[in-house]
Amino acid sequence: MRHSAVLIPGDGIGPEVTIAARFVLEQAGAQIDWHIHHAGLAAVEQGSKETLPDATVEAVLAHRVALKGPCTTPIGKGFTSVNVALRKRLNLFGAVRPVRSLEGVQTRFSDPGVDIVIVRENTEGLYAGIENQITKGVVTSLKVVTEEASRRIARFALDYAVTRGRRKVTVLHKANIMKLGDGLFVHCCREEARNYEDRIQYEELIIDAGSMRIVQRPEDFDVLLCENLYGDVMSDLCAGLVGGLGVTPGANYGCDHAAVFEAVHGSAPDIAGQGVANPLAIIMSGVMMLRHLASATGDDQCTLVADRIRDAYNACLMAGHKTRDLGGTLGTKEFSQAVVDHLAVQA
Ligand code: NAI
């Protein structure tokens, strides 16, 4: 069965790593017709007046899946985040970021290993982007929490945990300080969890103490359920347990049947254009996309291709073929070629 997907190269290292991921998926036998659309600074460079052109949003809705490179957001000035806008416009309310130890990437947490999935609310919280200068030197940033979005992400995380055979959902919050905002989020999660209490363990942790426990005993954690900002921060923190941003994939799901797959990392301007970025996180995001296509369409071939790619990159890492961020010497292209070479070994 052939599938179609949108490819959004993005900014910075985005074009380098998305080309590498497309190459690996194609060489592994993924039957995908790619439709390239731009977002971010790349869209403006291609002649668009908007950083998020309507054509890109419409293409994702039409093809239902996208593999997306990172988009740059200027710090403290300039345009608002294209990534946040895309998630909002497509109603991609839930981000899923699996963080797993890889056998070929040793870290101080490799034994007994990390297997955590972060579920992040993607549409509100401080990312609502509502900020006001009250007077010179005084600024407010509004944190938006709604019952509807909080219950929706709680059910999403609990359903995810049940269908993936996970054992526990931990809500991270700061409801001791933000009694109303985080208080509402926790209240909704707690109530929704009651409907799952025969299947899923549920716990709540204040995020500061929770962060400490995650780095002390990551093996105690399974699914982390977070509002937007905490989910963002915890994604990078947990990435650090397993080798960094180069090995942490992600997916954004919503209720309009659109799903966007993207690595947790950003556009990495410090290494952009040098050909040294690790494409593994976006390759892994591509594997998540294949598994999504398999379950959405019943095409078992997508699962086979996903398994082949996973086995190939694991074999590659085990053989010491790694990019610089993992202590290796390979560039972006060389690493993706090494993964493809391991595909050939399996065949
Ligand atoms: P970043 O994730 O781009 O980089 C942080 C550090 O990790 C850098 O030292 C970078 O070189 C390294 N790194 C990241 N990905 C890597 C890879 N694949 N291989 C090797 N090293 C890698 O985060 P930063 O610097 O905070 O953000 C840069 C830009 O990216 C900003 O404009 C930010 O807004 C944007 N961003 C976009 C995201 C998205 O599109 N989903 C997510 C996060 C940030």
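Here, each number is a calculation from the coordinates, and none is a lab measurement. This one's a predicted model, so the numbers in the text were calculated from it and none came from an experiment. Every residue, glycine as well, gets a Cβ built from its backbone with ideal geometry; the counts of neighbours run over all protein chains shown.
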(request) Please give the FRET efficiency for residue 147 paired with residue 91, using the beta carbon to beta carbon distance and R0 = 22 Å, rounded to the nearest 0.05. (result) 0.85
(message) What does the extension gain come out to for residue 159 and residue 138, with contour length at 0.36 nm per residue minus their alpha carbon separation?
(response) 3.4 nm
(message) Quick check: the distance between the Cα centres of segment 60-77 and segment 134-156, to the nearest angstrom?
(response) 22
(message) Cut-off under 20 Å on the C-alpha distance; same-chain residues fewer than 8 positions from residue 49 excluded. Which aspartates and glutamates are left, in chain and number order?
(response) 11, 58
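Loop by DSSP (not H, G, I, E, B), at most 16 other beta-carbon atoms within 10 Å: where is the longest site-free stretch of the chain for trypsin sites (Lys or Arg not before Pro)?
Excluding the exposed sites themselves, the longest stretch runs over 200-347.
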(request) Return the Cα extents of the chain along principal axes one, two and three, sorted largest first, each rounded to a whole Å. (result) 55, 49, 39
(request) Go through 143/168; 174/333; 68/322; 77/333 and tell me which ones have a Cα-Cα distance over 32 Å in this structure. (result) 174/333; 77/333
(request) Please report, to one decimal in angstroms, the Kirkwood hydrodynamic radius of segment 1-91 built from all distinct Cα-Cα pairs. (result) 13.5
(message) Quick check on segment 106-242: take the gyration tensor over C-alpha atoms, sort the square-rooted eigenvalues as a ≥ b ≥ c, and tell me if it's rounded (a/c under 1.5), prolate or oblate.
(response) oblate
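Assuming R0 = 25 Å, can you tell me the calculated FRET efficiency for the pair residue 216 and residue 115, based on Cβ-Cβ distance, to the nearest 0.05? Show your work: numbers first, answer last.
On the way: r = 16 Å, r/R0 = 0.65.
My answer for the efficiency is 0.95.
What is the dipole size for segment 200-293, taken about its Cα centre, with +1 at each Lys and Arg Cβ and -1 at each Asp and Glu Cβ, in debye to the nearest 20?
Charge dipole, segment 200-293, about its Cα centre: 340 debye, nearest 20.
Want the number for residue 310 to residue 36: 0.36 nm per residue separation, take away the alpha-carbon distance, what's left?
Taking 0.36 nm per residue and subtracting the Cα distance, the gain is 96.2 nm.
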(request) Find out how many positive minus negative residues lie around residue 170, taking Lys and Arg as positive, Asp and Glu as negative, among other residues whose Cβ is under 10 Å from that of residue 170. (result) -2
(request) Take every Cα pair under 8 Å in the chain that's 6+ residues apart, average their separations, divide by the length, and report that relative contact order as a whole percent. (result) 23
(request) Specify whether the C-alpha gyration tensor of segment 79-127 places it in the rounded, prolate or oblate class, a ≥ b ≥ c being the square roots of the eigenvalues: rounded for a/c under 1.5, otherwise prolate if a/b is larger than b/c and oblate if not. (result) prolate
(message) Give me the dipole magnitude in Debye, nearest 20, for segment 106-242 about the Cα centre, with unit charges on the beta carbon: positive for Lys and Arg, negative for Asp and Glu.
(response) 80
(request) Towards the positive end of the charge dipole of the chain, with charges on Cβ (+1 Lys, Arg; -1 Asp, Glu), say which of 338, 170, 113 has the farthest Cα. (result) 170
(request) Evaluate the charge dipole of the chain about its Cα centre and quote only its size in Debye, nearest 20, assuming +1 on the Cβ of each Lys and Arg and -1 on the Cβ of each Asp and Glu. (result) 260
(message) Can you find, among 292, 205, 46, the residue sitting farthest towards the positive end of the charge dipole of the chain, where Lys and Arg contribute +1 and Asp and Glu -1 at Cβ?
(response) 205
